[in-house]
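Each remark here refers to the structure printed beneath this line.
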Amino acid sequence: MSVPRLKRTGSKPNVGIVHLGPGAFFRAFNAVYTDDAMKQGDKDWGILAVSLRSPTAKDQLDLQDGAFTSVTLGAGHTEYRVINSISGVLVAPEDPEAVLSKMADPAVKIVSLTITEKGYCHEPATGELQLDHPDISHDLANPEAPKSAIGFIVEALARRRAAGVAPFTVMPCDNIPSNGKLAKGMVLAFAKERESALAAWIEENCAFPSTMVDRITPATTPADVKSLEEAQGYHDPACVQHEPFRQWVIEDNFVNGERPQWETGGAQFVADVDAHELMKLRCLNGTHSTLAYLGYLAGFETIAETVAEPAFAELCKRIWRNEIIPTVPKPEGEDLEAYCDALLERYQNPSIRHRTWQIAMDGSQKLPQRLLGTIADNIQAGRDYTCLALAVAGWIRYVGGVDENGDPIEVKDPLADKLKAAIDGANTPAAKVQTVLSMKEVFDPSLSSNPDFVARVTEAYEGLLQNGALAVVKS
């Protein structure tokens, strides 16, 4: 007997938010907080989810009227909850005009983003908009049929300006320092290329609140969908699994103050998010990336399996204590040591199968925020950064595309081909490190030209080649 498909109960909410990038994290985070707010009576904040590339989310959610299951995986228990905050799904390449029309609708007050670092089409090392990026150059030439998130935002804002409608708030939810400032910078740079008056109107009237988002969310697998079927008796390919912990810190800066009451779900509204974001990027994301590269090379499939090896757990503690916490200003209401202790407990949750390969994606975009800034601060202060240098060496070893058994690694990165060609084209370990460190898309010249940094990364890289990741971490 076939298993019935999950279906929405009740009517769809009116759309007040357009979200670009409706992947697993959005469903485990933004959609859940918005559902919390609507359950408390905060209506008209339904979400139109817009995929900028793949039709997968639409294919999964349309047959369920936008409903999906949020599965909370505790260390010893599992909770299931149906989320009804999504009102519809569009695939931008299939109908860009439908997306733009909805973004220009006065009822839409917020456009939120989970598009990953590469979706902002910027140079991570400099923060500048890549005007020669294929999507950006296309969108400047074809403003009414954009491909990038930036192109959609600017064209929708241009239409609202022409119609005399107030702009929407642009709210990024990606793991990037000062993500609101980054989004604003990319939008204004793009708008100036189109029309200086449009850029001036956006700068004067639009809001770009920064946010800090935190909830470990593995990619959903067919086994996860099957497990939900067996537990709840319905089929839901759009389900998402995540840890119990969640934290959302939001700069309270919205056009006309219009936003859902996300605080009903525990969101924190503050004047400045930067300290919280830096804490999370360096303490969580920095060690997550370290564990991803070195753990993958050591043969571990998940973060929980990696930190179950005592040497990797000790590596995390040492990095936090000696190399990360000294660089992080204490955010209001936070205890950094306690925060890191809690992080290790979250990593050790065996129910969360967060794959090292998944976290290792797009490293060229992530390293500047997660690792390199911390290293630069330590160099300036004269502090040790041996473990962070090992993490960079682990990334270089990983993007070489061959693991410790000689098997190929499926490297997912915008610079994957360039990185592999550079590494393959160098004859010695030192030359391989030097050619990668010279890539200005990733490394600031002030860092890549620092002799001590180059020497430490080279020594760590040679150790990984000779002895393997696990032995190096143990040592």
From DSSP H assignment alone, runs of 4+ in the chain each adding -39500 (n - 2.57), the sum over residues rounded to the nearest 500 puts [θ] at 222 nm at -12500 deg cm²/dmol
Counting only protein heavy atoms and rolling a 1.4 Å probe, one gets per residue an accessible area for the chain in Å² of 39
For Lys317, the lysines lying under 21 Å Cα to Cα, once residues fewer than eight places off in the same chain are dropped, come out as Lys280, Lys330, Lys474
For 96-109, 56-69, ranked highest to lowest by mean beta-carbon neighbours within 10 Å, the order is 56-69, 96-109
Excluding residues fewer than 8 positions from Lys226 in its own chain, the aspartates and glutamates with Cα under 16 Å of it are Glu79, Asp236
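How would His276, His138 line up by accessible area, probe 1.4 Å, largest first?
Most to least solvent-accessible, the answer reads His138, His276.
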Contact order relative to length for the chain, counting C-alpha pairs under 8 Å separated by 6 or more residues, stands in percent at 14
The distance between the Cα centres of the stretch 443-475 and the stretch 345-401, in whole Å, is 12
As straight-line cross-link partners of Lys440, the qualifying aspartates and glutamates (C-alpha separation under 12 Å, not fewer than 8 residues apart within one chain) are Glu123
Simple SL model, points at 7 angstrom along Cα→Cβ for Asp335 and Gln40; separation in nm is 2.6
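Sorting check: for 308-315, 258-265, which peptide has the highest mean count of neighbouring beta carbons within 10 Å, and how do the rest follow?
258-265, 308-315
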Carbon and sulfur atoms account, in whole percent of the 1.4 Å probe accessible area of the chain, for 49
Computed about the Cα centre, the charge dipole of the chain from +1 Lys/Arg and -1 Asp/Glu charges at the Cβ has a magnitude in debye, to the nearest 20, of 380
For Asp214, other-chain or 5+-apart residues with amide H closer than 5 Å (H placed, Pro excluded) are Gln247
Which of (i) 1.07; (ii) 1.19; (iii) 0.98 gives Cα Rg over 2.2 N^0.38 Å as computed here? It is (iii)
Measure of exposure for Trp357: accessible area at 1.4 Å probe, Å² rounded to 10, is 40
The stretch 133-205: spread of alpha-carbon positions along the three principal axes, whole Å, largest first, is 33, 28, 17
Protection proxy (average C-beta count within 10 Å per residue), highest first, orders 176-182, 218-224, 441-447 as 176-182, 441-447, 218-224
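The values are calculated or read from the model by the stated rules, or taken from the named source; none is laboratory data. Here the structure is a predicted model, which means the values were calculated and not measured. So basically every Cβ, Gly included, is an ideal-geometry build from the backbone, and we count neighbours across all protein chains shown. For accessibility, only protein heavy atoms count, side chains too; no ligands or nucleic acids. Shrake-Rupley method; radii C 1.70, N 1.55, O 1.52, S 1.80 Å.
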